[in-house]
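The values are calculated or read from the model by the stated rules, or taken from the named source; none is laboratory data. Owing to the predicted nature of the structure, the values given are computational and were not obtained by experimental measurement. Methodologically, a virtual Cβ is constructed for each residue, glycine included, from the backbone with ideal geometry; neighbour enumeration extends over all protein chains shown. These area figures cover heavy atoms from the full protein model, side chains too; ligands, DNA and RNA do not enter into them. Shrake-Rupley method; radii C 1.70, N 1.55, O 1.52, S 1.80 Å.
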Amino acid sequence: DCWTACADIVSLLGKGLAHSDAAIGNACSRAIVIAFSYDGQDAPNLNKKLFDAVAIALGKMNASLKKFSSIDHADANRAESLIEASGLLLAASTSGAGSSNTTEEDGFIGLGG
């Protein structure tokens, strides 16, 4: 299933955010930026099959931000990349939060109305 493969990729990208090699960590955060970027105000709702994967990525993002924004491991470029990716993940996961119009056939939860 395509959504399962997408969820696996998002989870792996999230897990790669805290990699000790900055190039790998930055590549993972840039990939999240690309995957969750949308050039309009009418972004599609997040498919429910991605919820767990996005939750994993957000958890790893939180740990990575704490690590690379601290005095001990301060890395401004990496922190900036993580912040951009976390903003997009948060936007995708909370888009239009408020209602839950679930349709079983497409797996989407209409959060906006």
Looking only at the range 71-102, and only at residues there that are open to solvent by less than 50 Å² (accessible area, probe 1.4 Å) and modelled with pLDDT under 75, the one that is farthest from A43 (Cα to Cα): S99
Residues being more than 19 Å from E84 (Cβ to Cβ), open to solvent by less than 80 Å² (accessible area, probe 1.4 Å) and not in a helix (DSSP H, G or I) - total across the range 1-46: 2
